[in-house]
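Structure record follows, encoded as structure tokens.
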Number of protein chains: 4
Amino acid sequence: MVVRVAVAGASGYAGGEVLRLLLSHPEVEIGALTGNSNAGQLLGSLQPHLAPLAGRTLAATTPEVLAGHDVVFLALPHGQSAAVAAELGEDVLVIDMGADHRLKDSADWDAFYGAPHAGTWPYGLPELPGGRAALEGSKRIAVPGCFPTAVTLALFPAYAAQLAEPEAVIVAATGTSGAGKALKPHLLGSEVMGSVSPYGVGGGHRHTPEMVQNLSPIAGQKVSVSFTPTLVPMSRGILATCSAKALPGTTADAVRAAYEKAYADEPFVHLLPEGQWPATSSVHGSNAVRIQVAYDGSAQRIIAISAIDNLTKGTAGGAVQSMNIALGLPEELGLSTIGVAP
Amino acid sequence: MVVRVAVAGASGYAGGEVLRLLLSHPEVEIGALTGNSNAGQLLGSLQPHLAPLAGRTLAATTPEVLAGHDVVFLALPHGQSAAVAAELGEDVLVIDMGADHRLKDSADWDAFYGAPHAGTWPYGLPELPGGRAALEGSKRIAVPGCFPTAVTLALFPAYAAQLAEPEAVIVAATGTSGAGKALKPHLLGSEVMGSVSPYGVGGGHRHTPEMVQNLSPIAGQKVSVSFTPTLVPMSRGILATCSAKALPGTTADAVRAAYEKAYADEPFVHLLPEGQWPATSSVHGSNAVRIQVAYDGSAQRIIAISAIDNLTKGTAGGAVQSMNIALGLPEELGLSTIGVAP
Amino acid sequence: MVVRVAVAGASGYAGGEVLRLLLSHPEVEIGALTGNSNAGQLLGSLQPHLAPLAGRTLAATTPEVLAGHDVVFLALPHGQSAAVAAELGEDVLVIDMGADHRLKDSADWDAFYGAPHAGTWPYGLPELPGGRAALEGSKRIAVPGCFPTAVTLALFPAYAAQLAEPEAVIVAATGTSGAGKALKPHLLGSEVMGSVSPYGVGGGHRHTPEMVQNLSPIAGQKVSVSFTPTLVPMSRGILATCSAKALPGTTADAVRAAYEKAYADEPFVHLLPEGQWPATSSVHGSNAVRIQVAYDGSAQRIIAISAIDNLTKGTAGGAVQSMNIALGLPEELGLSTIGVAP
Amino acid sequence: MVVRVAVAGASGYAGGEVLRLLLSHPEVEIGALTGNSNAGQLLGSLQPHLAPLAGRTLAATTPEVLAGHDVVFLALPHGQSAAVAAELGEDVLVIDMGADHRLKDSADWDAFYGAPHAGTWPYGLPELPGGRAALEGSKRIAVPGCFPTAVTLALFPAYAAQLAEPEAVIVAATGTSGAGKALKPHLLGSEVMGSVSPYGVGGGHRHTPEMVQNLSPIAGQKVSVSFTPTLVPMSRGILATCSAKALPGTTADAVRAAYEKAYADEPFVHLLPEGQWPATSSVHGSNAVRIQVAYDGSAQRIIAISAIDNLTKGTAGGAVQSMNIALGLPEELGLSTIGVAP
């Protein structure tokens, strides 16, 4: 089987990461690569780490250029995916790495993004209950946000096992690539090195409603989410520290058992041995999720911490994993659980 | 007035930082400098940034060497301060930058440190209600831990104004100097650069009971603290993200007013203009505390975030500030609110 | 004496650093602060580390705003200083932290900058032979480039003592603040963290002719300079590794003696004890220059390495030092040789 | 073909990196893993990024444990390889990633290492003239040092084409993993972040004679090397800035042609398009070498700069590449030219 793939938005970080992974995917042939302001430039000058594609020239993002592929990855700014997808045939697998097709509730979309809502596509988080079934054979996939990936996987076993109150408190550290290549002063190296800073505090981050959307059905009730992201001095990686008050009668053993059950057969999610906590370096460049959980008897809270690479499992790796499922390929093809460390 | 000062433990990060500050203090004369394994070495090879002291040789930490000073700073490993302090006269101001004399409850000490409890000294956090009065004229001062400094100042106004439930959830990022110069594999540059990792999760960090001790009397009831520290790739700085569920009827205006009232006249604590959040780089090398607070109406939580330099306000700067108060000097002498950025 | 100072270009890194230093200068009163695109904004949002100036608003850079000060610091993009300076009285001390007035040879200026040459002002490197005399009482000062400061101080003693061939090879590492706050993709944190890269290779960097201009008169002949700057993952600091072939008969003792003689009485330049090499962290935020030199008998080369903070001694600290000399103030006023480390 | 491989020294950075690569090698089965002080521990706690091997326990490094493998990689401290290799059969391919078998001149070994010289093995740098032939079928391979790999590949085309004087000047920046996991104060994260520092200056670095050994035969005369390594704040990567005075009559075109000829058919060495300079991030985790060269007409020097990952092409990747050649496997098996960036 040869899957012919195009990437729209190949000059950004998400586009570059999906190409990095696809170059190692045994069933994929890389077709058209497009950009907007960068159209006409060599990929070698924009993504110098992708040596085998250095001689490729970016095309403009047009229906003609994207036609004739089996799969099209969209790595476009929020609000631009729907128009491009509309021009692609229904037999093409379109995988949106942007936010446009994640949220089910148009009111959430309006409140947090403000553009017309593009509709909802099958959600690319296979590890959720029913997650794989929703993706098999699908021709449209919405890739989850990086923070919702880390947070949902850290918390859902506690809610699935009915161990936690429906009020989650999350503080997540992210590397700067999560903000993309946008030229903003606070993303300059001089600003981020040697500094940690929060943003989107107090319920303002766009990923918050996506977390609520993921966790609430599992909990069987509306879960409120207090989410604070912080920018830390590294290029890649998310460490999500998540907690919720334990329901009365919860024990450390019950917590452990819930997580062991949830992840016993997951190829990419690793519950660490008791006492070992995840570091983001251990998943650098990999599609793995490392999770540890503890029960703090004094504060009566369940603390679950997950580490992912925001560009891999948090974006492009999750996208390739979902592609594999949608196409009926082995789920792990082209993906690794081995981090590049130190 | 000339204050003659000795520093025991001058080769470590806390000792080096107190010397950095004292070198700019107009009333201080730096006397004996001691070390243990480093005794006999030149300070210029151990602390090359302290140029004016490069030719000084470290002495052994003995009563004879420390005698004859007005002030002695102890920057020693936990458990070693009491024995040294016992040999110093009652007329000498002894300032312990270690943990030995912070906790009031011996059971807490036993549970988290395990050595015999050395007793409790006046607590060097002047910004607490009654904080300055406890220090004026005192001859013994226990410098707060770096995390308790950041967390207590972020949260106490909410508890003082009776706005929050007594269950605080805190996730704090710290630079690596907080762990000292100890030679441990996880503190190697190769390990910490490009990585974020948690430690002491689930109630295990030694600073947790100190936070409970500080906040509970202000709240008028026992405050439980869920505290998760994370190690981030920078040398200095703490960003403490603290939250608690708001009591019914709380408004954003009430929250803002509580913090404005608490910090209206504090020289080192700056409540930022609404909408601006603190970055640790802005307090690098300074004794300032930058705080912002928000009310998340959706999650019904108060979120307060503070940024400090763990070595300055979090350790040595707080120590010098307390020394000034104890000696009747102007509180800001030798201390700055200006960060070294970018 | 109260010196009233204005800073044009207060929102950039050079402008921010000169303000950081002036805030601690006992004879200075900070007057007008100007910006261009940032005019009208609060300094607290642009330079949050300068707490005491947080409430100041940036004015536009006009002659009216800058009038009425004793000293005006220009922290403007290359090519803009001459026009602003022309509007300021001849009795005002104007200190240009840009490149406009450094080069004596208009052909060099044309080749490397391309705008009309603004003329040459007294050169603000007091440590050069005759350097202080050129600044005393001067009303116009050109602050040296950051690399030329580090390189000239590392190499001139070898040339002054006639020990080295007139072909210098220099590779310098710089922190990203040397590139300013310009929004360029290669300066994003995601790009610079975890990466080292060269630029301006092969004679193309604008600081090259300035090094030639400094060293040649001391050597008594034209010194050729091969200069390669590299960008490293830190915000501040320059480490300049400089070497030249030793003339026949050179000995390690002669090399050491030349440097000891050159820097015996310099307040800011520290020749380290033999065997100790400088690290940029030791001068972080300070005006100190740390230098070490060695003679490699096998390659017959003299290797001199200097560490400076590019924003302090390399820009704003050197500017304040020169201001002090020009005004007849003690040279060290408002400046420190103590680094903020670790 | 299934190649059964053992790794002695699996807990260090070189050992971890060779395992990372071997896990993706289609013809390799990973056998015994050994350590010294870490024997008995789980690899999952020592190398948490190597998820598929997390459950493996380190054995002691004994002949019995290492017996029965086709290939044994030695990632041991200098001076320990010879004794271990002596116990392995002559039919086993032994690949020494330490320094013991690199130098041909015992006097060099004595001067720089001081232990008895273990003898010389075929040198694992296939890109050198005759390099592959020396490795085919070999049962003993000495992996080059990381700096000699970067420097030799940057400079040898200039010497092969007789364009440069035999006096090379090299300044190289390295990430901290090059120093290994040794617990030394200057390798602590607090010390290396935000700082650049030189070491082994003036001819003292152990890799210097290896560079001389590589370049001299190609130049047809003894090449002197002035080598200054610097430690920069990143975990991985080497940027080697190399230069030599051009012989009279040298032109930029001739320089370019020499490098194009040398690397036209090399799978891992990429001469970049003119004007593009290499960044270490572009080779992060990859076996690629990125090189650019320029002729500085003003200083009459050839400047060649190479970027490698010190752990991959500089150590473990070079080792696997040589293993492939020795075993008659395709040279690129298990190796990638794609970096993990940003």
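The values are calculated or read from the model by the stated rules, or taken from the named source; none is laboratory data. Bear in mind that the values here come from a model prediction, so they are computed numbers and not experimental data. Cβ placement follows ideal geometry from the backbone for every residue including glycine, while neighbour counts extend to all protein chains displayed.
Of B:GLY275, B:GLY285, B:GLY314, all but one fail to be of a type outside the set (Val, Ile, Thr), facing chain C (nearest Cβ under 10 Å) and either buried (at least 24 other Cβ atoms within 10 Å of the Cβ) or in a strand (DSSP E or B) (or both); the exception is B:GLY285.
Restricting attention to region D:129-181 and to residues that are more than 14 Å from every other protein chain (Cβ to nearest Cβ) and charged (D, E, K, R), the residue that is surrounded by the most Cβ atoms within 10 Å (Cβ to Cβ) turns out to be D:ARG140. Could you tell me whether B:HIS25 is surrounded by 18 or more Cβ atoms within 10 Å (Cβ to Cβ) and either in a helix (DSSP H, G or I) or within 14 Å of another protein chain (Cβ to nearest Cβ) (or both)? In short, yes. Scanning region C:119-174 for residues that are small (Gly, Ala, Ser) and under 27 Å from C:SER195 (Cα atoms) yields C:GLY145, C:ALA150, C:ALA154, C:ALA168, C:ALA172, C:ALA173.
When region D:222-238 is limited to residues that are in a loop (DSSP other than H, G, I, E, B) and among the β-branched types (Val, Ile, Thr), the one that is nearest to the other protein chains (Cβ to nearest Cβ) turns out to be D:VAL232.
Residue selection: A:MET193 satisfies the criterion of being without any contact (Cβ under 8 Å) to a residue 60 or more places away in the chain and not β-branched (Val, Ile, Thr). When restricted to residues that are at pLDDT 95 or above and surrounded by fewer than 24 Cβ atoms within 10 Å (Cβ to Cβ), region A:73-83 contains 0. Here C:SER45 clears all of (1) closer than 27 Å to C:LEU333 by Cβ; (2) within 14 Å of chain B (Cβ to nearest Cβ); (3) assigned to a helix (DSSP H, G or I) except the condition numbered (1). Within region A:222-255, the only residue that satisfies the criterion of being among the charged types (D, E, K, R) and crowded, with 24+ Cβ neighbours inside 10 Å is A:ARG236.
Is there a residue in region A:243-256 that is within 14 Å of chain B (Cβ to nearest Cβ), in a loop (DSSP other than H, G, I, E, B) and free of Cβ contacts under 8 Å to residues at least 60 places away in the same chain? Yes, the conditions are met somewhere in region A:243-256.
Scanning region C:317-342 for residues that are in a loop (DSSP other than H, G, I, E, B) and over 26 Å from B:ASP309 (Cβ atoms) returns C:GLY328, C:LEU329, C:PRO330, C:GLU331.
Yes or no: region A:317-330 includes at least one residue that is more than 30 Å from D:PRO233 (Cβ to Cβ), of a type outside the set (Ser, Thr, Tyr), surrounded by fewer than 24 Cβ atoms within 10 Å (Cβ to Cβ) and in contact with a strand residue (DSSP E or B) (Cβ under 7 Å, 6 or more places away or on another chain). Yes. Looking only at region B:161-171, decide whether some residue is part of a loop (DSSP other than H, G, I, E, B), within 21 Å of B:GLU17 (Cα to Cα) and either touching a helix residue (DSSP H, G or I) at 6+ places or on another chain (Cβ under 8 Å) or not assigned by TED's automatic domain parsing to the domain that holds B:ALA304 (or both). No, that holds for no residue. Selection of region D:90-118 for residues being aliphatic (A, V, I, L, M) and either more than 22 Å from D:PRO217 (Cβ to Cβ) or touching a residue at least 40 places away in the same chain (Cβ under 8 Å) (or both) yields D:VAL92, D:LEU93, D:VAL94, D:ILE95, D:MET97, D:ALA99, D:LEU103, D:ALA111, D:ALA115.
Looking only at region B:288-311, residues that are within 9 Å of chain A (Cβ to nearest Cβ) and either among the basic types (Lys, Arg) or part of a helix (DSSP H, G or I) (or both) come to 1 in all. The condition (being in a helix (DSSP H, G or I) and either within 13 Å of another protein chain (Cβ to nearest Cβ) or small (Gly, Ala, Ser) (or both)) is satisfied by just one residue among C:SER195, C:SER190: C:SER190. Select from region D:182-200 the residues that are closer than 14 Å to D:PRO229 by Cβ and of a type in the set (Ser, Thr, Tyr) and write down the one among them that is surrounded by the most Cβ atoms within 10 Å (Cβ to Cβ). In this case the residue turns out to be D:SER197. Of the listed requirements (1) within 11 Å of another protein chain (Cβ to nearest Cβ); (2) without any contact (Cβ under 8 Å) to a residue 60 or more places away in the chain; (3) touching a His at 6+ places or on another chain (Cβ under 9 Å), D:ASN324 misses just one: (1).
Checking each residue in region A:102-116 for being assigned to a loop (DSSP other than H, G, I, E, B) and more than 20 Å from the chain's Cα centre (by Cα) picks out A:GLY114, A:ALA115, A:PRO116. Being part of a strand (DSSP E or B) and either surrounded by 15 or more Cβ atoms within 10 Å (Cβ to Cβ) or not polar (S, T, N, Q) (or both) is a property that B:ALA32 has. Residue count for region B:48-62, restricted to those that are assigned to a loop (DSSP other than H, G, I, E, B), buried (at least 21 other Cβ atoms within 10 Å of the Cβ) and within 13 Å of chain C (Cβ to nearest Cβ): 2. Restricting region B:263-272 to residues that are in contact (Cβ under 8 Å) with a residue 60 or more places away in the chain and part of a loop (DSSP other than H, G, I, E, B) leaves a set whose member that is nearest to the chain's Cα centre (by Cα) is B:PHE268. Is it true that C:VAL201 is free of Cβ contacts under 8 Å to residues at least 60 places away in the same chain and either part of a loop (DSSP other than H, G, I, E, B) or away from chain D (no Cβ under 12 Å) (or both)? The answer is yes for C:VAL201. In region B:10-22, what residues are among the hydroxyl-bearing types (Ser, Thr, Tyr) and facing another protein chain (nearest Cβ under 9 Å)? Passing the criteria: only B:TYR13. One residue is enough: does region B:205-221 have a residue meeting the conditions crowded, with 22+ Cβ neighbours inside 10 Å, closer than 21 Å to A:VAL196 by Cα, modelled with pLDDT of 95 or more and within 13 Å of chain A (Cβ to nearest Cβ)? No, region B:205-221 contains no residue that is crowded, with 22+ Cβ neighbours inside 10 Å, closer than 21 Å to A:VAL196 by Cα, modelled with pLDDT of 95 or more and within 13 Å of chain A (Cβ to nearest Cβ). Of the residues making up region A:118-125, at least one is at pLDDT below 95 and not aromatic (Phe, Trp, Tyr).
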